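Have a look at the structure below before the remarks.
The values are calculated or read from the model by the stated rules, or taken from the named source; none is laboratory data. It should be emphasised that the depicted structure is a prediction, and the values quoted were computed from it without experimental measurement. Note: ideal-geometry Cβ built from the backbone for every residue, glycine included; neighbour counts use all protein chains shown. Only protein heavy atoms, including side chains, enter the accessible area calculation; ligands, DNA and RNA are left aside. Shrake-Rupley method; radii C 1.70, N 1.55, O 1.52, S 1.80 Å.
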Amino acid sequence: MNFYSIRAIYKFEMARTWRTLMQSVASPVISTSLYFIVFGSAIGSRMVAIDGVSYGAFIIPGLIMMSLMTQSISNASFGIYMPTFSGTIYEVLSAPVSALEIVIGYVGAAATKSTILGLLILITARLFVDYQVQHPVMMLAFLVLTAVTFSMFGFIIGVWADTFEKLQIIPLMIITPLTFLGGSFYSIKMLPEFWQTVTLFNPVVYLISGFRWSFFGVADVHMGVSLGMTLVFLLVCMLAVWWIFKTGYKLKS
Amino acid sequence: MSAVISVNNLSKIYESGFQALKNVNLDINAGEIFALLGPNGAGKTTLISIICGIVNPSDGAVLADGHDIVRDYRKARSKIGLVPQEIATDAFESVWGSVSFSRGLFGKPRNDAYIEKVLRDLSLWDKKDSKIMMLSGGMKRRLMIAKALSHEPKILFLDEPTAGVDVELRRDMWEMVRKLREQGVTIILTTHYIEEAEEMADRVGIINHGEIVLVDEKTRLMQQLGRKQLTVHLAAPMAAIPAPLSNLPLTLADDGMALVYDYDANQERTGIEELLRTLNQHNIEFKDLHSRQSSLEDIFVDLVKNGVNREAMAS
Ligand SMILES: Nc1ncnc2c1ncn2[C@@H]1O[C@H](COP(=O)(O)OP(=O)(O)OP(=O)(O)O)[C@@H](O)[C@H]1O
Ligand SMILES: [Mg+2]
C-alpha cells in the first residue's frame, strides 16, 4: 500500500470539499430542513404514528438516506469526472499508484464527505423532532456502507460519463425515483400487496429499511436481509470498479 | 553506455483502428538529452504516453530503469517525471498545494525544502501561494515542470516544453534542462523547434508515421547528412549559368547575382577548388564567398519529405 499517494488524493478531494463548503454541506442541510418543516411538522402532525413511531421521526432515516445516496453519487462522480474532463487525470494515471489506491482516495473522500453530511442532517433533525437511536453502531455501519457503495457507484458514473448531462442523468432519472419509491416517506406496508412485491425489487428499500431499523427497531424487511443486500450492492460496485481499472475502460486509450 | 529506457517492438493501434506506432525500437542512454523530432501526428506523444502509463500499449514492451512499465509499473513510474504537451491544471489549487500533491501522489514523503528549491529554480517561489488560475501561460508551463520534478525523477519527459513560451523563458528552460542533466537526470524532449534540438540534444531521433526513421548523435547526424552550401556573390549579374560550369551542381540565385554550389563536406574532393579555378579561367568576378552547413531542420525536412516520396512511389 502506498500510503502517501492515498493521502495525497484524499487530501486533495477533501480540500475541494472545504473550498465548496456552502454548496456541498449547507445546501443539503437546508433542503432537508425544509422537508422536516413540510412533511415532518406540517403534514406529519396530521398523520397517525407508523409502527408506534411518530411520522416526523419516521421520515428521518429516509431523508438521511436520500441525501446520503445523492450526495455520495454527486461527490464521487464529480471527483473523477473533473480530472478526466480537464485533463489533470494524466498525473494520477502516470503515478506509481494501484487502482485500489486510487479508489480508496477518491471514494474514501466522497464517502467521508457524505457521511459527515448524513450526521449533520441527523443533528439538524433534532431541532424539529425528538427521536432516539436504538442501535447506534448499526446505524453508523449502514451509514458508512451506503456512503461507500454509492460513492463507488458515483465513481463508475463519473468514469462512464463524457458529458455533464450524463453525469446528472442517472442520479436524476434513477436514484431520485428509487428513493422516493423506496419508503423514505412511508412504510411499504401501507402499499397494496402487489406494489409491495414490486417494491422489493427496489434496492433502496433495503437500505432505508435497515437504516430505519437501527433507529426504531422496526423495519419493513428483516434487518439481516437489509444488511446482506447492502453488502451485495457494495460487492457489485467493487467488481465494476475493478473491471474499469483492469481494462482501462475510458481512463486509458 | 547503459540504456535507461528501452523500447522493444512497441506498437499502438488506437480503438479507432489507427496505428499510431509501428514496431518502435529505441534505447535512451542514461544521462543524455534525447530529442524526439517529428511532424504533427507522427506519434511522439503516443510513445511518451505509453512509457508513462497513460496509454496502453498494443504490443511490445518498455523497460524504464530496468523495470517493465506494465508488470513493474510502480518501480518504473516512480523513476519518471512527465510534462505533458497540453497544460492541464486545477484552477483553484495553489502552486504550493499542487506541487506538494504531485510529490505525495508519487509516493514520496513530504519535503518542503526540496519543493522550495524546485519552485525557486523555476522562478515560481514568489507565486507559491497564488491560485493556479492567476498564473500566466508561461508560469503554468513552469508549474507543470515543477510538478514533474516534485518526486525527484531520474528520467524526465518534456513533451513540447517550449511551445508558446517566449524567447527569454525558452533560454531559461534550456538552462534548467542542462542543469538537470548535470545532476544526472535523463531528459527526453519533443519539439517542433529544430534549433532547440540542435542547441540542446546529445542525440536526436526522428519519427514519422509512427516509425523511427533515424536515431543518431546530433553532431554526427549533422556531419554525415550535413550538406554544405557555398554561395558565390558575383560582381555582375548573370542571365544563365555559363556553359563551362554547366556540369557542376550549381544554381543561380538572387536575380543572377549569386551562384549557389551544393557539396558534401565529407567527400575527399569537394569540388570547390575546381569551381573557383573555372570561375577564374573564365574571368567571372566575384565579391564574396560564403559557406554554410545545413541545419538539422534541413536534414529533418529532407528525411520527412523523402519518406513521403518513398510512400508516393510505393503506391
Ligand atoms: N486517442 C486516440 N484515438 C485515435 N487516434 C489517436 C488518439 N490519439 C492520437 N491519435 C492519432 O495518433 C497519431 C499520433 O498522435 P500523437 O499525438 O502521438 O502525435 P504527435 O507526434 O505527438 O503530434 P504533435 O506534434 O502534433 O503533438 C495521430 O494521427 C493522432 O490523430
Ligand atoms: Mg504530441
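Counting only the Cα atoms, region B:17-81 fills a convex hull of 101 Å³ per residue.
Highest GNM mean-square fluctuation among B:A236, B:A61, B:A197, for chain B modelled with Cα contacts below 10 Å: B:A236. Note on A:L200/B:S11: beta-carbon distance plugged into 1/(1 + (r/R0)^6) with R0 of 60 Å gives a FRET efficiency of 0.70. Using all alpha carbons of region B:227-293, what is the percent of pairwise distances in each 5 Å bin, ordered from the shortest bin to the longest? Each 5 Å bin holds this share of Cα pairs: 4, 17, 32, 28, 14, 5, 1. Subtracting the Cα-Cα distance of A:L140 and A:I43 from 0.36 nm times their residue separation leaves 32.1 nm of extension gain. Once the chain from B:M134 to B:D302 is taken as fully extended at 0.36 nm per residue, the excess over their C-alpha distance is 56.2 nm.
Under the criterion of Cα pairs below 8 Å and six or more residues apart, the relative contact order for chain B equals 19 percent.
Computed over protein heavy atoms with a 1.4 Å probe, the carbon and sulfur contribution to the accessible area of chain B reaches 47%. Share of carbon and sulfur in the accessible area of region A:120-253 stands at 74%, probe radius 1.4 Å.
Computed extension gain for B:L276 through B:D59, at 0.36 nm per residue and net of the alpha carbon distance, reaches 72.5 nm. With both labels modelled 7 Å from their Cα along Cα-to-Cβ, the B:N283 to A:S27 distance reads 9.3 nm. In plain terms, the C-alpha convex hull of the protein assembly as shown casts an average shadow of 35.4 nm² when viewed from every direction. Taking a sphere under 13 Å around the Cβ of B:D59 and counting the other residues whose Cβ falls inside, with K and R at +1 and D and E at -1, yields a net charge of +2. Interface size, chains A and B: roughly 2500 Å² of accessible area buried, both sides included, 1.4 Å probe, rounded to the nearest 100.
Rolled with a 1.4 Å probe across the full set of protein chains, the surface gives B:E175 an accessible area near 100 Å².
Accessible area per residue for chain B is 49 Å², calculated with a 1.4 Å probe on protein heavy atoms, without ligands, DNA or RNA. Using a probe of 1.4 Å, the accessible surface attributed to A:E193 totals some 150 Å² when neighbouring protein chains are kept in position. Counting only Cα atoms, region A:3-247 measures 59, 36, 34 Å along its principal axes, largest extent leading. For chain B, modelled as a GNM whose springs connect Cα atoms under 10 angstrom apart, the maximal fluctuation among B:E268, B:E160, B:E86 occurs at B:E268.
Using only alpha carbons, region B:88-152 has a radius of gyration to Kirkwood radius ratio (Rg to Rh) of 0.92.
Peptide A:7-19 is shielded by partner chain Cβ atoms: per residue, an average of 3 of them sit within 10 Å of its Cβ. Placing dummy labels 7 Å off each Cα toward the beta-carbon, the span from B:D262 to A:H222 is 9.0 nm. Note on B:I241 and B:Y193: their simple-model spin labels are 3.7 nm apart, each label 7 Å out from Cα toward Cβ.
Convex hull volume per residue, computed on the Cα atoms of chain B, equals 182 Å³. For the segment A:82-95, counting C-beta atoms of other chains within 10 Å of every residue's C-beta and taking the mean gives 6.
Here the Gaussian network model covers chain B, with springs between Cα atoms less than 10 Å apart; of B:S291, B:S246, B:S58, B:S246 fluctuates the most. Taking Cβ atoms as reference points and 11 Å as the exclusive limit, the residues near A:S253 contribute a net charge of +2, counting Lys and Arg as +1 and Asp and Glu as -1. To the nearest 10, the accessible area of A:H135 is 60 Å² with a 1.4 Å probe. Averaged per residue, region A:144-253 has 48 square angstrom of accessible surface, using a 1.4 angstrom probe with ligands and nucleic acids left out.
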